[in-house]
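The values are calculated or read from the model by the stated rules, or taken from the named source; none is laboratory data. This structure is a prediction, so every number in the text was calculated from the model and none was measured. When we count neighbours, we look across all protein chains shown, and the Cβ atoms used for this are built from the backbone with ideal geometry, even at glycine.
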Amino acid sequence: MGCVSFRLLYFLAFFAHLAVQKTVRLALYSTKSPAGLFITSANTMKIHEYQAKELFRNAGIAVPEGHVATTPEEAAAAYKQLGGEIAVVKAQIHAGGRGKGTIKTNRDQRGVQLVRSAEEASSVAEALLGKELETIQTGPAGKKVKQVFVEAGCDIDRELYLGIVVDRASGLPVLMTSEEGGVNIEEVAEKTPELIFKEAFHPDQGLQKEQVESLCKKLNITGDSVASANDLMTKLCKLFVELDCSIAEINPLVVTKSGQVMALDAKVNFDDNALFRHKELLELRDLDEEDPAEVRAGKAGLSYVQLEGNIGCLVNGAGLAMSTMDLIKLHGGEPANFLDVGGGAQTEQVTEAFRILLGDKNVKAVLVNIFGGIMQCTTIANAVLEAYKQVGFNVPLVVRLEGTEVEEGRKILAESDVDIITAEGLTDAAEKVVAAANAA
Ligand code: ADP
Ligand code: MG
């Protein structure tokens, strides 16, 4: 009996964990796909456009020639190497909307700019490199441009949209296309969903020729361009499956004046859970683009997601973490983070968790909410004391312990000289931490 209920609990916790990953990520980054599909696998690794295009090129997917540059001199050399008259200098950050985005200290400078000489390539690179680019996706903080991509100018006839995501409802990858390319596709999906055309495909069989033909009809792709579209779409669908992508988006997908269909932008994200089988992709990771606290937590084996509130939460188990966040909100507070230290966290991990929490200057109070199932409350109590020794607590700390060795754990805390607000039960804990944060 004990065994059965333990297993049941384990599975419930496991599914809750999956759900929370999605919910939190979806809420945070609104990775809700256009066309209202339910996307699976919301924990993803992002890469830069130039890296995605390199993967495309290797897979035979048509992209313009381009070279990455980290200095104005390199940008000038890249322009010369391309050999054409028109090139485009594109800021490389993990966010879209660069074409309309502007440099924070120079609002005339956009993140994507056409250039007609090596000198111009150099001066645009100079205006972008090392500066903060603010786009609709970066928020007001912007993102620092460390590299630019100098790409051959494309003779565009039409700009279309193409994206692939996994649809949780059908359990299949779905290719979405629209004639409304180059613009904000989320807006199209919201206002005119009938303008988005979808084709689901089986991961083993790939996208079929008839599916491409049907899409081409709807997109008004005709003549030789159909073969070109078929080549690109089938190869992209294959790449999506082979590399365990969570999203592959080309916006705009262009039809050139000569009728070729090619990728002018490239956004590729990978499912974190499958990265273990793509070691080569890990090399493409750019930690500077990721939230530093999340990177640190990841190294310590903690599930951590930064949020915007002022109450730091240290909880074990994803389901409990979600309930804790809900209760904080119910009592008028705002969680500063989601943090699951896991079932078997050791002292060092918990100390690191405190370091991360207290390192967030928005945090005005911390709630430790532990249910000792696998984890013993004494471990947490000792970890709290150790963290106090190492980190020091500069904000009120509310602790609620339940479960294995709870009495011993409470005793350890009570006998210490650490200033702790103890709580009985979830509601009491939430009320106390919200009050403490509001009083700060
Ligand atoms: P973002 O989506 O971040 O704004 P894109 O790569 O989509 O960046 O570029 C924005 C726009 O710049 C595109 O919609 C396209 O019109 C133009 N553009 C981008 N790359 C090229 C290129 N190689 N040649 C010509 N125009 C380009
Ligand atoms: Mg784009």
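What the table shows:
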item	result
Those residues of region 262-273 which are within 16 Å of ligand 2 (Cβ to nearest atom) and among the hydrophobic types (A, V, I, L, M, F, W, C), in sequence order	MET262, ALA263, LEU264, ALA266, VAL268
Out of LYS299, LYS218, sole residue that is in the same structural domain as VAL174 (by TED's automatic domain parsing) and either charged (D, E, K, R) or modelled with pLDDT under 95 (or both)	LYS218
Region 227-285, subset in a helix (DSSP H, G or I) and in contact with a Pro (Cβ under 8 Å, 6 or more places away or on another chain), residue nearest to ligand 1 (Cβ to nearest atom)	PHE240
Strands (runs of 3 or more DSSP E) wholly inside region 57-168 that include at least 3 residues being crowded, with 23+ Cβ neighbours inside 10 Å	87-92, 147-152, 156-167
Residue in region 100-147 that is farthest from ligand 2 (Cβ to nearest atom), counting only those that are under 24 Å from the mean Cα position of the chain (by Cα) and without any contact (Cβ under 8 Å) to a residue 24 or more places away in the chain	GLY130
Residues of region 108-120 that turn out to be within 13 Å of ligand 1 (Cβ to nearest atom) and of a type in the set (Gly, Ala, Ser), as a count	1
Residue in region 396-415 that is part of a loop (DSSP other than H, G, I, E, B) and without any contact (Cβ under 8 Å) to a residue 24 or more places away in the chain present	no
First in region 280-308 and small (Gly, Ala, Ser), second anywhere and surrounded by fewer than 19 Cβ atoms within 10 Å (Cβ to Cβ) and not in a helix (DSSP H, G or I), Cβ under 6 Å, 6 or more apart	ALA293/GLN306
So ASP360, is it without any contact (Cβ under 8 Å) to a residue 24 or more places away in the chain and in the same structural domain as GLU408 (by TED's automatic domain parsing)	no
Selected residue [within 26 Å of the chain's Cα centre (by Cα), among the β-branched types (Val, Ile, Thr) and buried (at least 18 other Cβ atoms within 10 Å of the Cβ)] from VAL255, VAL268	VAL268
Residues of region 134-175 satisfying the condition of being at pLDDT below 95, among the hydrophobic types (A, V, I, L, M, F, W, C), within 21 Å of LYS46 (Cβ to Cβ) and assigned by TED's automatic domain parsing to the domain that holds PHE201	VAL165, VAL166
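Conditions tested, residue by residue: (1) at pLDDT 95 or above; (2) under 15 Å from LEU397 (Cα atoms); (3) within 25 Å of the chain's Cα centre (by Cα).
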position: GLY342; (1), (2), (3): no, no, yes
position: GLN346; (1), (2), (3): no, no, no
position: THR351; (1), (2), (3): no, yes, no
position: GLY359; (1), (2), (3): no, yes, yes
position: ASN362; (1), (2), (3): no, yes, yes
